[in-house]
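Have a look at the structure below before the remarks.
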Amino acid sequence: MNDKMKRKVDLEKVINKYKAEKGGIISVLQEINREYGYLSEDALKLVAKKLDVPLIQVYSIATFYTAFSLKPRGRHLINVCLGTACFVKGGNRILEKLERELGIKAGETTKELRYSLDTVHCIGCCSLAPVIRIDEDAYGRLKQEKVPEILKKHK
Ligand code: FES
């Protein structure tokens, strides 16, 4: 079985798991987004077909929730806090350093799909401002010069 066929079988398994559930579309999309890192066009079409709902409805849900991505995401998600406390303490300078180091802008993903860079508004540890989060790890009282070292930990 080739990769494409295997992915389709796996997708069908996920869809079938939630088929009978009320509000199953969101659960299916959440699991696909979690498993594959994003919602491909093929995945959305298959969800629409299998759950027997119009494709436009699946698309509207996929584009409404910011937790869903329609583009491939990096293995590591970097969130730079630009909430008030972090902004005042130089969060924007940390963002600029990350953009320079990674060669991408906020909202983008590196070509080799290693990192996706996003901004957020307060991650709840303002006393450690400025703060970034990479996957589950938070880094506080951050200085620009620490950024390369932190990126190395998440290769
Ligand atoms: S403003 Fe950045 S953690 Fe609260």
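None of the figures in this text is laboratory data; all of them are computed from the coordinates on show. Quick caveat: nothing in here was measured; it's all calculated off a predicted structure. Cβ atoms come from the backbone with ideal geometry, glycine included; neighbour counts cover every protein chain shown.
Quick notes on this one:
- Of the residues making up the range 64-84, those that are under 13 Å from the mean Cα position of the chain (by Cα) and of a type outside the set (A, V, I, L, M) are Y65, T66, F68, S69, K71, P72, R73, G74, R75, H76, N79.
- Number of residues in the range 48-76 that are buried (at least 16 other Cβ atoms within 10 Å of the Cβ), among the hydroxyl-bearing types (S, T, Y) and closer than 19 Å to Y115 by Cβ: the value is 1.
- Out of G90, G83, G103, one residue alone is at positive phi, out of contact with any Lys or Arg (no Cβ under 7 Å at 6 or more places or on another chain) and within 16 Å of the ligand (Cβ to nearest atom). It is G90.
- Complete set of residues in the range 107-118 that are more than 15 Å from the ligand (Cβ to nearest atom) and either free of Cβ contacts under 8 Å to residues at least 40 places away in the same chain or closer than 12 Å to L95 by Cα (or both): G107, E108, T109, T110, K111, E112, L117
- Within the range 94-105, tally of residues that are surrounded by fewer than 22 Cβ atoms within 10 Å (Cβ to Cβ), touching a helix residue (DSSP H, G or I) at 6+ places or on another chain (Cβ under 7 Å) and over 15 Å from H76 (Cβ atoms): 2
- The range 142-153, residues that are surrounded by fewer than 14 Cβ atoms within 10 Å (Cβ to Cβ) and within 16 Å of the ligand (Cβ to nearest atom): K143
- Every residue from the range 124-141 that is farther than 26 Å from Y38 by Cα and more than 9 Å from the ligand (Cβ to nearest atom): R141
- Single unsatisfied condition, H121 versus (1) more than 10 Å from the ligand (Cβ to nearest atom); (2) in contact (Cβ under 8 Å) with a residue 12 or more places away in the chain: (1)
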